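The values are calculated or read from the model by the stated rules, or taken from the named source; none is laboratory data. What you are looking at is a predicted structure, and each value in this text was computed from that prediction instead of being measured. Cβ: placed from backbone, ideal geometry, glycine included. Neighbour counts: every protein chain shown. Please note that ligands, DNA and RNA were not included when accessible areas were found on the heavy atoms of the full protein model with its side chains. Shrake-Rupley method; radii C 1.70, N 1.55, O 1.52, S 1.80 Å.
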Amino acid sequence: LILAAILALAAFLPSCSTCPLGCGPKKGSIQHIVLTWLKKPGDAAGRAKLVAAAKSLKADISEVKTLAVGQPLMSDRPVVDDSFDVALVMRFDSKADLAAYEASPVHQKAVKEILAPLTQKIVVHDIISE
């Protein structure tokens, strides 16, 4: 009886194959990856401003579907580049949504007033999911 109850309960629990919110990026979605190096490396206040700006972009621009923002995980592995100060990864449903985000006055203002004054180097990678 206990085994039957456990099996019945397990049938109603979500599994990796039935992930209701999506287990990964959809085919054709865009991952927008931005790595930044501060003019003052390690500057906690500058880092905090960049993180806050990224979070506000997610909150204010509907085309941004997901956001991950943070600092590098330090590594001894030679293949890992942990030299940047702040990174963000945004997901967009399409190339058109990425273009709308880039043209958004909110994005343009953040680049001009926060990103450009604080950073010495920015590297961007845009990836289309397969």
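Observations on the structure shown:
- Just one residue in the set Asp81, Asp85, Asp126 is under 19 Å from Leu35 (Cβ atoms), more than 15 Å from the chain's Cα centre (by Cα) and of a type in the set (Asp, Glu); that residue is Asp81.
- Sub-6 Å Cβ pairs linking a first residue in the stretch 48-63 that is under 19 Å from Gln31 (Cβ atoms) to a second residue that is modelled with pLDDT under 95, at least 6 apart or interchain, number zero.
- Subset of the stretch 96-120 [among the acidic types (Asp, Glu) and open to solvent by less than 60 Å² (accessible area, probe 1.4 Å)]: Asp97
- Among the residues examined, Asp93 qualifies as surrounded by fewer than 17 Cβ atoms within 10 Å (Cβ to Cβ) and under 17 Å from Ser129 (Cα atoms).
- Residue in the stretch 71-78 that is closer than 28 Å to Glu130 by Cα, of a type in the set (A, V, I, L, M) and touching a Pro at 6+ places or on another chain (Cβ under 8 Å) present: no
- Single residue of the stretch 43-85 satisfying the filter (among the charged types (D, E, K, R) and in a helix (DSSP H, G or I)) that is nearest to Ser104 (Cα to Cα): Asp60
- Restricting the stretch 32-42 to residues that are within 16 Å of Val124 (Cβ to Cβ) and surrounded by fewer than 17 Cβ atoms within 10 Å (Cβ to Cβ) leaves a set whose member that is farthest from the chain's Cα centre (by Cα) is Trp37.
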